[in-house]
Amino acid sequence: MAEFAQTLVNGLTVGTLYSLVALGLTIIYGVMNLANFAQGEFAMIGGFAAFFLIQAGIPYPLAVVIAFAAAGIIGLIIHLLANYPLRQSEPINMMLSSLGVSLFLVNLAQYLFSPTPQVVESPLSGKSLNFFGIFVSQQRLLIAFVSIVLCVVTYLLLEYTRFGRAVRAASLDPDTAVIYGVPTKKISFLTFVLGVALTGVAGALVAPVYYVYPTMGISLTLKAFVVVVLGGMGNVVGAIAGGLVIGLIESLAGGYISTGFQDAIVFAVLFLVLVFRPEGILTKVQGEKV
């Protein structure tokens, strides 16, 4: 029983991280209709930002905040160069552009930083807590806490603020939104920056657990797409819930089957969802994208 509880806790902690990355991916899709294949690379950017900031003597909490800003700024530049010029073209063109951005960022990071994994030190590294026989590392607890807070804050931002109403309007019908005075171009910029910045935080949070290296974002991107498809493309609540589900499935597969089959089982779930419920487990509320 204790082993099962340990497996569930491990799954939920990694699931909150998947939720955070998928949340950024799904709000970008909801507004821009962009399946961003470079999403995970912003986790890599956040991880490397945290690594170099800590090497420079910046405290880890401040490094995480700066990583959020760094990922957002680089995301803004990439949006201007790779996405905005293609805004009037077919969605597949922006999708292919994001794939090119992913390859460029990975190869640039390998050239600048080398493929060798770098250790990111956190004040919580190597420390764990014991809850009735269940051991949880303090860094994983921090990941879960920050991820949950950011997911809740983002949800409230989208649901109960003027910015959120503008985002929902732009995602539902951008042409009508323009008629009613919604600055859809500005909204797309802000949404993309927010989406990649959230992933940058995820990278800075997970770096002390899994290290940081140029290709670390590829797996996160794939898992985020599984989460988004499971929860429903463009569905914010679905992205959060889907991340937890995939985290649990991955943890249970690793604990009771084999760690070598974790990814295979996760992608088998993706296949089944696409076949039997392609709109996602959680249907969109009132036809909303975001």
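Please treat every number below as a calculation from the coordinates, not as lab data. Keep in mind that what you see is a predicted model, and the values were worked out from it rather than measured. Every residue, glycine among them, receives a Cβ derived from its backbone with ideal geometry; neighbour counts consider all protein chains shown.
Values as computed for the structure displayed
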| read-out | value |
| --- | --- |
| Condition check for LEU25: in contact with a Pro (Cβ under 8 Å, 6 or more places away or on another chain), farther than 30 Å from PHE135 by Cβ, crowded, with 24+ Cβ neighbours inside 10 Å and in contact (Cβ under 8 Å) with a residue 24 or more places away in the chain | no |
| Some residue of region 218-232 being closer than 22 Å to GLY72 by Cβ and not in a helix (DSSP H, G or I) | no |
| Long-range neighbours under 8 Å by Cβ, at least six apart or interchain, first residue closer than 18 Å to ILE148 by Cβ and in contact (Cβ under 8 Å) with a residue 24 or more places away in the chain within region 237-255, second outside any helix (DSSP H, G or I) and of a type in the set (Val, Ile, Thr) | GLY238/ILE281; ALA241/ILE281; GLY242/ILE281; VAL245/ILE281 |
| Residue check, LEU112 in contact with a Phe, Trp or Tyr (Cβ under 6 Å, 6 or more places away or on another chain), part of a helix (DSSP H, G or I) and of a type outside the set (S, T, N, Q) | no |
| Failed item in (1) out of contact with any helix residue (DSSP H, G or I) (no Cβ under 7 Å at 6 or more places or on another chain); (2) within 29 Å of ALA170 (Cα to Cα); (3) of a type in the set (A, V, I, L, M, F, W, C), with ALA202 passing the rest | (1) |
| Considering residues of region 123-153 that are closer than 28 Å to ALA239 by Cα, touching a helix residue (DSSP H, G or I) at 6+ places or on another chain (Cβ under 6 Å) and not aliphatic (A, V, I, L, M) only, the residue surrounded by the most Cβ atoms within 10 Å (Cβ to Cβ) | SER147 |
| Any pair with Cβ under 8 angstrom, 6 or more apart, that starts in region 140-166 at a residue that is more than 29 Å from LYS127 (Cα to Cα) and ends at one that is basic (Lys, Arg) and assigned to a helix (DSSP H, G or I) | LEU158/ARG168 |
